[in-house]
1. Rank-order 370-376, 244-250, 230-236 by packing density, defined as the average count of other C-beta atoms within 10 Å over each peptide's residues, highest first.
2. Give me the net charge for the shell around Asp278: Cβ to Cβ below 13 angstrom, other residues only, Lys and Arg +1, Asp and Glu -1.
3. Once the dipole of segment 100-414 is set up with Lys and Arg at +1 and Asp and Glu at -1 on Cβ about the Cα centre, which of Asn317, Val193, Gln296 lies farthest towards its positive end?
4. For a quick protection proxy, order the peptides 206-212, 287-293, 271-277, 111-117 by their average other-Cβ count within 10 Å, most packed first.
5. Give, in nm to one decimal, the length gained when the segment between Glu244 and Ala27 is fully stretched (0.36 nm per residue of separation minus the Cα-Cα distance).
6. Can you compute 3J(HN,Hα) from phi for each residue in segment 336-344, using the Karplus curve 6.51 cos²θ - 1.76 cosθ + 1.60 with θ = phi - 60°, rounded to whole Hz and x for Gly and Pro?
7. Are any of the pairs Lys332/Lys368; Lys102/Lys355; Lys200/Lys355; Lys102/Lys356; Lys209/Lys239 more than 30 Å apart by Cα-Cα distance, and if so, which?
8. Only sites in a loop by DSSP and with at most 14 other Cβ atoms within 10 Å count here; which trypsin sites (Lys or Arg not before Pro) in segment 252-328 make the cut?
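Any read-out appearing in this document is the output of simple, stated calculations on the displayed coordinates, not a laboratory observation. Keep in mind the model is a prediction, meaning the values are calculated, not measured. Backbone-built Cβ (ideal geometry, glycine too); neighbour counts: all protein chains shown.
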Amino acid sequence: MNAEYLRRLGVGTILGGEFENGLVGLAGRLGGTYPESDEIFPQGLKPTDEAFRVSDLKVQHTTPANFRTWDAGNVEQMEPVISLERLRFEVPDRTGMPALEKYAHLIVPRDGFRVVGSTEASRGCKHLCRHCPIVPVYNGVFRIVGRDVVMADVRQQVAAGAQHISFGDPDFFNGIKHALELVAAFHAEFPGVTYDVTIKIEHLRKYEKHLTTLRDTGCLFVISAVESVDDTILEQLDKGHTREDFLHVARTFRSRGMTLHPTFVAFTPWTTMEGYLDLLGVLAAEELVEHVAAIQLGIRLLIPEGSRLLELEEVRNDVGAFDAESLVYPWKNADARVDDLSEIVQGIAADADRKKEARAPAFERIWKAAHAAAGRAAPDLEIAGGIGEAVPFLSEPWYCCAEPTREQLVSIGSAAKKPIDAASVAADGFV
């Protein structure tokens, strides 16, 4: 999605989507050997062939693994930039990686923390939500990782100390049969190990009868990208669910003793002060305050290169020129108070994270700040009760479709100002 900018930085090889075959091709090219299959190089050509020396030759591969383009004039890369081919996945080799204790951990109220492992049972996504950065790459393509591979990966992480597994699938219920068979096998082999998954509200409602299967096989919580409680905004994002769907799912989870972690893109070009206060009111009324990390209430909509949001004329007319260094199309809300509030909320969230502040007090600070920004007196919140009990969560906040925060941009800017070792880039210039 950001190939042009990366090339300017000196990156020689860019591999996206189902990247492993491309990585094999790169390794062979750097080592002086090349695969025979046209799955890496089109039409049986090799980088040593005369055809590849023609500076303006470009070949578009048209097998089922589409979206794959070679530019023979670019001697730095002959692998597909984006591949969507079907791969035969192998068990990840995690040799030499930091111990699991060095990564994010699970915080369990009144029971300390647990070591977390991570794996994926699928890649890509069947859905085409306008704001999702997966869509420009996968465009609705969905790939399953074999159950034997997933279980072997879980097995090696449990052996390394994992007490909880976080499934990184964009949507665990994209392949419902695969998902249910996997969690049954998971629980049968590791009854004492818990897990979490990410699932769309649309799927949580469609497959409601299977929610107890998740609960009974050790699922501690489900993350779901709700994004908004405003039906107009949900329609703009093409999310596939409504406010009522979200409320139904949240109440279903509560009635079944399950934990839902909704995530949000709280600030969009369509967000109003009234709408933001409404979001906070819904979280308080539905006893979800403890279920939402403070940063979720400060996230601004990400509009990356290739975003389906650019299909909307009003978005095309309102965004600024693409900012390659930030990797976004910048935008502003028509109400400057809303943009100012987003910075205030991000500041509160960052401060709460530094202080390891509990979620309820951080929410109360955001509640007061939002009402002050709207010129209203903030109603009292029953922080000690009525907003939900503390629930398990991961120590690292979960982001979805989020513009970089101010702190992240400062960090990126600092890194970008570091001198670049040209020799190192020449030797290792790929991402």
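1. Numbers: 370-376: 14.9, 244-250: 19.1, 230-236: 17.4.
Listed from highest to lowest mean packing, they are 244-250, 230-236, 370-376.
2. On the way: positive: Arg243, Arg376; negative: Asp230, Asp231, Glu274, Glu286.
Combined, the nearby Lys, Arg, Asp and Glu give -2.
3. Working it through, the farthest residue towards the positive pole turns out to be Val193.
4. Details: 206-212: 14.1, 287-293: 21.6, 271-277: 18.3, 111-117: 16.6.
Answer by packing, highest mean first, reads 287-293, 271-277, 111-117, 206-212.
5. Values: separation 217, 0.36 × 217 = 78.12 nm, distance 5.08 nm.
So the extension gain works out to 73.0 nm.
6. 4, 5, 5, 5, 4, 5, 4, 5, 4
7. Working: Lys332/Lys368 23 Å; Lys102/Lys355 20 Å; Lys200/Lys355 32 Å; Lys102/Lys356 18 Å; Lys209/Lys239 22 Å.
Pairs exceeding the cut-off: Lys200/Lys355.
8. On the way: sites: Arg254, Arg256, Arg300, Arg308, Arg316; in loops: Arg256.
Loop-located and lightly packed - Arg256.
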